[in-house]
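Note sheet for the following structure.
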Amino acid sequence: MLDKRRSFLKSVLGQWPLFTGLSLLLNSKPSWAGAQIEEPMIDAVRTALSSAIANAAPPIPEFPDTESRIAYLRWLGAMSTRLRRKKADFTTRKEFLQTVWYEARRAGLEVSLVLGLIQVESNFRKFAVSNVGARGYMQVMPFWVRTLGDGDAGKLFHMQTNLRFGCVILRHYLDRENGNLFLALGRYNGSRGQAAYPNAVLGAQKAWEYKLQ
């Protein structure tokens, strides 16, 4: 069944110009599950990642000027409209998008990329669990909590905790791959070097891109 879904997804992505990003957003189904591979990690890297996870600054956007704040609010309004089918409650959507925006920027990632990854990994389901045990919005494997946190995998169902882990992990993989997004995404999914997963995420990202008017 999974092979059939992958073949179908490849055929859709191969004809991407025939589809809008919004169409993919509204009709997609969860087809992937994060399967990061536990690898040996030098102490310096582990310490740096642990520090990034432990920094529990609240996800409250701060802006240097009024123009930046207005741009953020316009983005928030546009994304809220796109996400309405997945999260009907406005307050829930707002808190989720605010947290994604905060954690993505904190990790130096494009917010649209993180939203695309979440769509592919969990279809925006907070309590998603894969058949290999990956959890939450960004399908983080429990071994990361043992490596970087206190070992309580249940915390991966907490929205900000899950998004922070996911963003820090993807940033780590990008650094390991010297900025090569294709390889970093493959490593995130445990399929480094294979095209299907990176193509799926990059395709889903298009539904979340936003240009200031």
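The values are calculated or read from the model by the stated rules, or taken from the named source; none is laboratory data. Because the structure is a prediction, the values reported are computed rather than measured. Backbone-built Cβ (ideal geometry, glycine too); neighbour counts: all protein chains shown. What goes into the accessible areas is simple: the full protein's heavy atoms, side chains included, and nothing from ligands, DNA or RNA. Shrake-Rupley method; radii C 1.70, N 1.55, O 1.52, S 1.80 Å.
Condition (residue is open to solvent by less than 50 Å² (accessible area, probe 1.4 Å), hydrophobic (A, V, I, L, M, F, W, C) and not in a helix (DSSP H, G or I)) applied to the range 172-191: is it met by at least one residue?
no
If LYS126 satisfies every condition in (1) without any contact (Cβ under 8 Å) to a residue 60 or more places away in the chain; (2) open to solvent by 10 Å² or more (accessible area, probe 1.4 Å); (3) not in a loop (DSSP other than H, G, I, E, B) but one, which is the exception?
(3)
Would you check if LYS206 is within 29 Å of LEU76 (Cβ to Cβ), open to solvent by 60 Å² or more (accessible area, probe 1.4 Å), among the charged types (D, E, K, R) and part of a helix (DSSP H, G or I)? I'd like the intermediate steps shown before the answer.
Working: within 29 Å of LEU76 (Cβ to Cβ): yes; open to solvent by 60 Å² or more (accessible area, probe 1.4 Å): yes; among the charged types (D, E, K, R): yes; part of a helix (DSSP H, G or I): yes.
Against the criterion (within 29 Å of LEU76 (Cβ to Cβ), open to solvent by 60 Å² or more (accessible area, probe 1.4 Å), among the charged types (D, E, K, R) and part of a helix (DSSP H, G or I)), LYS206 qualifies.
Looking at TYR137, TYR102, which is the one that is within 28 Å of TRP75 (Cα to Cα) and under 10 Å from the mean Cα position of the chain (by Cα)?
On inspection, the qualifying residue turns out to be TYR137.
Does LEU163 fit the bill of being in contact (Cβ under 8 Å) with a residue 12 or more places away in the chain and farther than 24 Å from PRO59 by Cα?
no
Test each condition in (1) more than 17 Å from ARG82 (Cβ to Cβ); (2) out of contact with any Gly (no Cβ under 8 Å at 6 or more places or on another chain); (3) of a type outside the set (D, E, K, R); (4) part of a helix (DSSP H, G or I) for LEU115 and report the one that comes out false.
Answer for LEU115: the failing condition is (1).
Conditions first: (1) surrounded by 10 or more Cβ atoms within 10 Å (Cβ to Cβ); (2) modelled with pLDDT of 95 or more. ALA88 passes all but one, so which condition is the exception?
(1)
If you check PRO58, PRO17, which single one turns out to be in contact with a helix residue (DSSP H, G or I) (Cβ under 9 Å, 6 or more places away or on another chain), modelled with pLDDT under 65, open to solvent by 30 Å² or more (accessible area, probe 1.4 Å) and at negative phi?
After ruling out the rest, the residue left standing is PRO58.
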